[in-house]
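The values are calculated or read from the model by the stated rules, or taken from the named source; none is laboratory data. On a predicted model such as this, the values are computed, not experimentally measured, just so you know. Every residue, glycine among them, receives a Cβ derived from its backbone with ideal geometry; neighbour counts consider all protein chains shown.
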Amino acid sequence: MSMKRDQLGWGRRLTVWLLPLLCLLVVVVIGSVSVGSADLSIGSVWKIMMSHFMFVGLAEKDWTQAAETIVWEIRMPRIMLAVLVGAGLGAAGTAYQGVLRNPLADPYILGVSSGASVGAAAFILFGGSLSIFGSWTLPFVAFICGLLTLFVVYRLASINGTIQVETLLLSGVVVQAFLGAGLSLLLSMSGEKMQNIVYWMMGSLTLADWESDVVITPYVLGGITVMWLCSRELNILALGEQKAHHLGMNVQRVRFVLLVTASLVAGATVAVSGVIGFVGLIIPHMMRSVAGSDYRVLLPVSAVAGSILLVVADTMARTVLDPQELPIGVITAFLGAPFFAYLLRRRRKNFW
């Protein structure tokens, strides 16, 4: 009976928080697709949207082809990519903080972001004429380099077949320092290509299209599903590794599965959008403070909240200095850096 009550309790909490957030996400998407530098009426925007969904018969075509291209081929793919990237970063950040039991952890703490950045910078600098996968060659290189970095960090942290959280974090710091030096070297050699490298490092959804959405969707949705299926193990890990061992959980295997899955999701998002920081750091904290620490609730709620944050940030990035566009990483850094400082200050007070 207690187990049934527990399942009913977390299920009710999930519904209470997830439904309002999904409604808010719909509102944010509606607002974002209606905003832009092109002079389009809201009525025209919505007729175009309805013509591509279920209300085909209700939408009389009284708009230009240019307007349809702007709404459906430029704005919507970008907004949907923001939804997917935000969901991936929010869920991956939640998993990282749960596995590492570190509230300052985010999807890039193990060097996935740094590895992807070095790979992308090297490709922009030396492999510009190489086009094995067409426009997807750069994202593919960034994705592979991010995963290779995770493998190196994991191997460094492995001692007699076991991995301690502290060793894993230190290995990530060491590898990130080395990759940071490599990235600085590449930037110093980049010359006129420096702007392309720096812009990619700051994150942008400018080149989003429907193909990007299709490619990233399996990684994000599949990764979030795997992480949510491990939410019970995350709840047990929150009690401490010794208690988790006593309860019969294989801590090393669970940690490996979750870290690889979260890094796959983070690597996929970096590959299509560049480096977008702080989303995976601040979203889990915000949602934990309101929805509780049960990962069966926290993971899906953080995914939706991450989507909301990134859609809002991307809308700001393309409208604040219109017609000039800001990298989305600049917006998330302005939002996330003060929050990060607040977390550091609070942890210092608790320590002393």
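Numbers for the structure displayed
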quantity: Test: residue in the range 246-256 that is assigned to a helix (DSSP H, G or I) and touching a Phe, Trp or Tyr at 6+ places or on another chain (Cβ under 9 Å); calculated: yes
quantity: Of the criteria (1) crowded, with 20+ Cβ neighbours inside 10 Å; (2) modelled with pLDDT under 85; (3) of a type outside the set (Ser, Thr, Tyr), which one Gly329 fails; calculated: (2)
quantity: Qualifying positions in the range 185-216 - surrounded by fewer than 20 Cβ atoms within 10 Å (Cβ to Cβ) and either closer than 18 Å to Ser263 by Cβ or in contact with a Lys or Arg (Cβ under 7 Å, 6 or more places away or on another chain) (or both); calculated: Val215
quantity: Verdict on Gly182 being closer than 22 Å to Ser263 by Cβ, buried (at least 21 other Cβ atoms within 10 Å of the Cβ) and either within 17 Å of the chain's Cα centre (by Cα) or in contact (Cβ under 8 Å) with a residue 24 or more places away in the chain (or both); calculated: no
quantity: Val45 vs. criteria modelled with pLDDT under 90, aliphatic (A, V, I, L, M), touching a Ser or Thr at 6+ places or on another chain (Cβ under 7 Å) and not in a helix (DSSP H, G or I); calculated: no
quantity: Number of the condition not met by Trp63 [criteria: (1) loosely packed, with under 14 Cβ neighbours inside 10 Å; (2) without any contact (Cβ under 8 Å) to a residue 60 or more places away in the chain; (3) more than 30 Å from His285 (Cα to Cα); (4) not small (Gly, Ala, Ser)]; calculated: (1)
quantity: Failed item in (1) over 21 Å from Pro77 (Cα atoms); (2) more than 13 Å from the chain's Cα centre (by Cα), with Ile282 passing the rest; calculated: (2)
quantity: Residue satisfying condition, being β-branched (Val, Ile, Thr) and without any contact (Cβ under 8 Å) to a residue 40 or more places away in the chain, within set Val279, Val304, Val257; calculated: Val257
quantity: Selection from the range 281-317 of residues that are surrounded by 24 or more Cβ atoms within 10 Å (Cβ to Cβ) and either modelled with pLDDT under 90 or charged (D, E, K, R) (or both); calculated: Leu281, Ile282, Asp314
quantity: Residues of the range 307-344 that turn out to be in contact (Cβ under 8 Å) with a residue 12 or more places away in the chain, more than 17 Å from Gly31 (Cβ to Cβ) and within 19 Å of the chain's Cα centre (by Cα), as a count; calculated: 10
quantity: Any hit, the range 24-45, residues being under 30 Å from Val260 (Cα atoms) and out of contact with any Pro (no Cβ under 6 Å at 6 or more places or on another chain); calculated: yes
quantity: Residue check, Val270 hydrophobic (A, V, I, L, M, F, W, C), under 13 Å from the mean Cα position of the chain (by Cα), in a helix (DSSP H, G or I) and modelled with pLDDT under 90; calculated: yes
quantity: Residue in the range 155-174 that is within 19 Å of the chain's Cα centre (by Cα), modelled with pLDDT of 85 or more and not in a loop (DSSP other than H, G, I, E, B) present; calculated: yes
quantity: Residues of the range 217-245 satisfying the condition of being assigned to a loop (DSSP other than H, G, I, E, B) and either surrounded by fewer than 16 Cβ atoms within 10 Å (Cβ to Cβ) or modelled with pLDDT under 90 (or both); calculated: Ala238, Leu239, Gly240
